[in-house]
Each structure stands twice: as structure tokens, then as C-alpha cells.
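The values are calculated or read from the model by the stated rules, or taken from the named source; none is laboratory data. What you are looking at is a predicted structure, and each value in this text was computed from that prediction instead of being measured. Glycine also receives a Cβ, built like all others from the backbone with ideal geometry; neighbour counts cover every protein chain displayed.
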Amino acid sequence: MGFDFLEPINEEILGWLKSLSSQQLGSKVVFHTKEEFPDLDKIKIALIGVLENRGSDAIENSGDLSVIRQELYSVFPGNWATTIADLGDILPGNSKEDTYFALRKVVSDLIRKKIIPVIIGGSQDLTYSMYRAYDELEQMVNLVAIDSKFDFGKEEELMSGNSYLSQMIIDEPNNLFNFCNIGYQTYYNSQEEIDLIEKLFFDAYRLGEVSNNIAIAEPVFRDADIVSLDLNSVKSADSGNFVSFAPNGFNGKEICALARYAGISDKVTTFGVFNHHNSHQEAVLITQIIWYFIEGFQYRSNEYPFGSRENYIKYSVPIDNETLVFYKSDKTDRWWIEIPFVSNGNNKLKRNTLLPCSYEEYLGACNQELPERWWKAQRKNVL
């Protein structure tokens, strides 16, 4: 099993945990020790460190997550019933590919057990392994990256934190149905990359768009399977990262709100935080990001894709030659729009499916404006 690749928590941290009060998070988490591996049948969220940073020349030190663990386990949990385990670390293999394989196996095994892996990684190319973990599940995958860059890379470039997305698009089996970037900064991305996002019918939201109205990101997370968070998307004044200086980016409050959206999504099954330098300042921010993800998870409503459409109010909106069908949850007031099954062509969807959307998109449709994300999903479905 993939869990053989996991190294237990070091003795120093385990000794330090004994100094915590019973109210702190560290007293409510079960740990992988030399003597014992957690009973996964009782676990909902599993924390895993991956000490692989060879995919980025910019990362100076991610070889030990003790600082992050001390910060994380010192905080107090909310009113959570969620059971959490720290499964330890995946150490760097002889090659990056060895580490990719180990992470893929661990993530795949956890997803099969309906446990959400929270990866505290080194470089962001580890996102590729998270994606490949879904191969055995034989499902299309939606990826959301909170990032200032698209990470396409150059054609001849080897797999790295700057090129993993190209590998996802090129490599078989191609299970990537949709990619969405949250918070890109235009001056870090070539016009060719921006055009490619449009050509592939992917979604991208500029930093300013999301900062001005962070709620526009919520439906995007509701449709995600994997969320990959690049800490370089946070401005240095809030992250404490002055190695790769970022004058602009999300602030601490915004990045935690996005993490909470990821947690509250019924569909997200893998969450990763990458490109940190293991400084004390970044450890505090990572702690709060993970805290808000778990907080969101605690309040999942188990609606679509798990719930029945009987719990929705249906709205039909005629627009041009189409009739758009919207659904509103009578439980949470959240909205979805139906993507109809297309019988001809290379249809990637096996049946009618629901795409999360916002109330504003419903109002736009009532004013004869086709929702852009619906149109893109339609195009991907038949190409």
C-alpha cells in the first residue's frame, strides 16, 4: 500500500505535543508514530508533508515541517466533529519521479477511503501527482489553482513547478475536464498563455476581479476536485516570504476565505499548499489556511453531486434558441445551471450534469446574457 512511503512524525514534535492543553488542536489529532499508524476508518482529513522541492529553484528550505506543525497544533479548533490524522511525511526519492509515484499512491489510497488528503508540499509540480492519483478512479477531474501564474512552461521544459499544467494537458490518459486559475497577475503571464486558456475553454480570474468580489470564486471551488494553492499568490507583506518577493497578491484574509470555500465544497477531495520556504511567518499563514479549510469542511452541506434534485427549486430561462435550466437549493440558497447531455460528438459527460453558478449569473441570463462558464463547459463537452 501507498502508506508504506510515509515517515512517522519525529520524536521531538511528539514530545512537544505533550505540553499542549487538551483544548488545542494538537491534542485532538491522531499521529503516525514509530509504534502506531492511525486507524483510517475513523479519519476524515489526513495531513501529509511532502519534502520535495526539486521542482523549484526558488525554494531554499522545505526540508522539515516542524515549524508548521508547531504553529498548526498550537491553535484551537472550532466546534468541529471532524476527525483528523497527521500521517507524517513523504521523503524525497532518488529522483523527483520517485516522489511523484509515492505521493500518487498515497493520495489515491486515501481518496478510495473517502479521506481528504491535505498536502503541505514543497514545489507545486506535486500537483501533477495529485491529479494522477485520480487515474485509477476513472473520472474526469477539475483542478483549481490559486496562483499568480498559469504554470504552462515551455515546450521543451522538464516537469517543474512552472510547467506542471502543460504535462496535465499533454500526458495520457487525459482526464482533465476543467482548469481554473484564481488570482493570476497579467504581467507574470505571456499573451500566448492567456490566449491558450481561452482556446482550451478554461477559466481564469485576475487578482483584481477576485479581490473586488471574492464571492465570485465560490462556485468555481464548488466544481473542483483538486485545489492547489501557491503561496506566491499571497503578497509578501502578508505571507512573510521575502525570498520570492511579491509586492501584489491576495492578503491573509482573502487567502483564508478562498481556503474556506475549498473546504466547504462538497466536491473537493484533495487540497495542497505549495511553494513555502518554511519560515516562521509563512508557517503562521499556512496554519490559518489549513484551519479555514477544515472549518469549511465541517460545514459541508452534502448537496450536489451527492444530493437529490428534489431539494432544488427549478427555474427555466429562455435565451436565444436555448432554454437554460437553473436550480436553487432550498437548503443553502446556492445556485446551479444544467449542462445538457449531447448525444452526438465526443461527449465527455455521461448524462445531464449541474454546473455551480451564482445568483448574479441567473440574473444575467434573465437579461439574455449567456453565462460564460456555462458556454465554456458546453464547448468542452462536445469537442
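A few notes on this one:
- Looking only at residues of the stretch 119-130 that are assigned to a loop (DSSP other than H, G, I, E, B) and not charged (D, E, K, R), we find that the one that is farthest from residue 56 (Cα to Cα) is 121.
- Whether a residue is within 19 Å of the chain's Cα centre (by Cα), in a helix (DSSP H, G or I) and more than 21 Å from residue 73 (Cβ to Cβ) was assessed, and residue 297 does not pass this test.
- Residue within the stretch 96-118 that is assigned to a loop (DSSP other than H, G, I, E, B), closer than 25 Å to residue 22 by Cα, modelled with pLDDT of 95 or more and β-branched (Val, Ile, Thr) present: yes
- Scanning the stretch 1-46 for residues that are more than 21 Å from residue 119 (Cβ to Cβ), in a loop (DSSP other than H, G, I, E, B) and touching a residue at least 12 places away in the same chain (Cβ under 8 Å) yields a total of 4.
- Note on the stretch 264-288: residues that are of a type outside the set (Ser, Thr, Tyr) and under 12 Å from the mean Cα position of the chain (by Cα) amount to 7.
- Being surrounded by 23 or more Cβ atoms within 10 Å (Cβ to Cβ), within 19 Å of residue 358 (Cα to Cα) and not small (Gly, Ala, Ser) holds for only one residue in 268, 273, 234, 227, and it is 268.
- Among the candidates 59, 45, the residue that is within 22 Å of residue 111 (Cα to Cα), surrounded by 19 or more Cβ atoms within 10 Å (Cβ to Cβ), within 22 Å of the chain's Cα centre (by Cα) and not aromatic (Phe, Trp, Tyr) is uniquely 45.
- Of the set (1) more than 18 Å from residue 276 (Cβ to Cβ); (2) β-branched (Val, Ile, Thr); (3) surrounded by fewer than 17 Cβ atoms within 10 Å (Cβ to Cβ), all apply to residue 75 but (1).
- Qualifying residue in the stretch 167-174 (condition: among the β-branched types (Val, Ile, Thr), surrounded by fewer than 21 Cβ atoms within 10 Å (Cβ to Cβ) and closer than 25 Å to residue 52 by Cβ): yes
- Residue count for the stretch 210-230 under the criterion of being within 21 Å of residue 265 (Cα to Cα) and assigned to a helix (DSSP H, G or I): the result is 11.
- Some residue of the stretch 335-342 being assigned by TED's automatic domain parsing to the domain that holds residue 187, among the acidic types (Asp, Glu) and at pLDDT 90 or above: no
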